[in-house]
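Student: Handing you this structure, nothing more for now.
The values are calculated or read from the model by the stated rules, or taken from the named source; none is laboratory data. Owing to the predicted nature of the structure, the values given are computational and were not obtained by experimental measurement. Reconstructed Cβ throughout: ideal geometry from the backbone, glycine too, with neighbour counts over all protein chains shown. Accessible surface is based on the protein model in full, side chains and every heavy atom, while ligands, DNA and RNA are left aside. Shrake-Rupley method; radii C 1.70, N 1.55, O 1.52, S 1.80 Å.
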Amino acid sequence: MEAIRWISVGAVRLLARILLKVDMSGLERIPASGPVILATNHVNFIDAPLLYALMPRQITGLAKIEIWDNPVLGLVATSWGVIPIQRGELDLDAIRLALRALHEGKILGIAPEGTRSHHGRLQRGRPGIVLLALHVPDALMLPMALYGHEGFFRNLRQLRRTHINLVFGQGFYLDPGKARITHEMRQEMTDEIMMQIAALLPPQYRGVYSDLTAATERYLHFPPGAISNVRLALEREKGL
């Protein structure tokens, strides 16, 4: 299985060099060790393979179980440590595997939107990411944004490379305090996470989270040396 992972990662890296122009920033914000929840937007099929192939640490994540209907894709996904999840229901097995990965100190990639946007503009986040984070309070929440590749297929038809940006933001922890967690609180925490992702995107990609001035950070705790991504974006745009 390790050989399959090595070969497939190499193939993705080669294709990325041929078909894409990849700019990555903020890699130094990825901890060298310890549990991390990588919270990212989800544009199209390119997102996950790029992360698995280009991250400085091995990453795991959740993917729809239908991928395993294709024997080749299923074999590659298994070699990468991808966790299959049943869509549209509470998949307790997938949740247990995701929590185990975090407790083992791994990076777990999650797209709170739950599905691809295709157009690149943020959709409303779903609270599943909060359910996981609250069970592993020492897991750093690291926001990340990808953008620029929504026109990949058009560029491919025109034999042009696609410029894609990967931006890693300032990490933080969820801190609900001692309040009883309600569905409304989980959604509010999710929206706060999504606002941190939105702050890493150019304004035209922020979608339903376009108004950064409306962002709250009631349940976010930034460790020493880290600054709110929303605050940084607003200061940067104010200075333009």
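Student: Specify the residue that is nearest to the chain's Cα centre (by Cα); the eligible residues are those in the range 7-65 that are among the hydroxyl-bearing types (Ser, Thr, Tyr) and in a strand (DSSP E or B). Even if it seems obvious, please write down each step before you answer.
Tutor: So in the range 7-65, the residues among the hydroxyl-bearing types (Ser, Thr, Tyr) come out as 8, 25, 33, 40, 52, 60.
Now restrict to residues that are in a strand (DSSP E or B): 25, 40, 60.
Working: SER25: 15, THR40: 2, THR60: 11 Å.
The residue in question is THR40.
Student: Going residue by residue through the range 69-78, is there one that turns out to be open to solvent by 70 Å² or more (accessible area, probe 1.4 Å) and farther than 19 Å from MET1 by Cα?
Tutor: No: the range 69-78 contains no residue that is open to solvent by 70 Å² or more (accessible area, probe 1.4 Å) and farther than 19 Å from MET1 by Cα.
Student: So, one more: Filter the range 200-238 for residues that are hydrophobic (A, V, I, L, M, F, W, C) and closer than 17 Å to LEU140 by Cβ; which is most open to solvent (accessible area, probe 1.4 Å)?
Tutor: Keep residues of the range 200-238 that are hydrophobic (A, V, I, L, M, F, W, C), which gives 200-201, 208, 212, 214-215, 220, 222, 226-227, 230, 232-234.
Subsequent filtering for residues that are closer than 17 Å to LEU140 by Cβ retains 200, 220, 222, 226-227.
On the way: LEU200: 26, LEU220: 22, PHE222: 40, ALA226: 25, ILE227: 61 Å².
The qualifying residue most open to solvent (accessible area, probe 1.4 Å) is ILE227.
Quick grid of which residues meet (1) among the aromatic types (Phe, Trp, Tyr); (2) part of a helix (DSSP H, G or I); (3) modelled with pLDDT of 95 or more; (4) touching a strand residue (DSSP E or B) at 6+ places or on another chain (Cβ under 9 Å):
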site	(1), (2), (3), (4)
ALA145	no, no, yes, yes
LEU159	no, no, no, no
ILE164	no, no, yes, yes
ILE181	no, no, no, no
GLU188	no, yes, yes, no
ASP191	no, yes, yes, no
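Student: Of the residues SER33, SER25, which single one is surrounded by fewer than 16 Cβ atoms within 10 Å (Cβ to Cβ), in contact (Cβ under 8 Å) with a residue 60 or more places away in the chain and under 22 Å from GLY120 (Cβ atoms)? Walk me through how you get there before you give the answer.
Tutor: On the way: SER33 fails: under 22 Å from GLY120 (Cβ atoms).
Sole residue among the options that is surrounded by fewer than 16 Cβ atoms within 10 Å (Cβ to Cβ), in contact (Cβ under 8 Å) with a residue 60 or more places away in the chain and under 22 Å from GLY120 (Cβ atoms): SER25.
Student: When the range 79-89 is examined, which residues are found to be crowded, with 16+ Cβ neighbours inside 10 Å and either part of a strand (DSSP E or B) or of a type in the set (D, E, K, R) (or both)?
Tutor: At the first step, the residues of the range 79-89 found to be crowded, with 16+ Cβ neighbours inside 10 Å are 79-85.
Of everything in the range 79-89, those that are crowded, with 16+ Cβ neighbours inside 10 Å and either part of a strand (DSSP E or B) or of a type in the set (D, E, K, R) (or both) turn out to be ILE83, PRO84, ILE85.
Student: Across the range 90-103, what is the number of residues that are in contact (Cβ under 8 Å) with a residue 24 or more places away in the chain and either open to solvent by 40 Å² or more (accessible area, probe 1.4 Å) or in a loop (DSSP other than H, G, I, E, B) (or both)?
Tutor: Step one: filter the range 90-103 for residues in contact (Cβ under 8 Å) with a residue 24 or more places away in the chain, giving 94-95, 98-99, 101-103.
When the remaining residues are screened for being either open to solvent by 40 Å² or more (accessible area, probe 1.4 Å) or in a loop (DSSP other than H, G, I, E, B) (or both), the result is 95, 103.
The total comes to 2.
Student: Identify the residue in the range 123-163 that is open to solvent by less than 40 Å² (accessible area, probe 1.4 Å) and among the polar types (S, T, N, Q) and, among all such residues, is farthest from MET189 (Cα to Cα).
Tutor: ASN155
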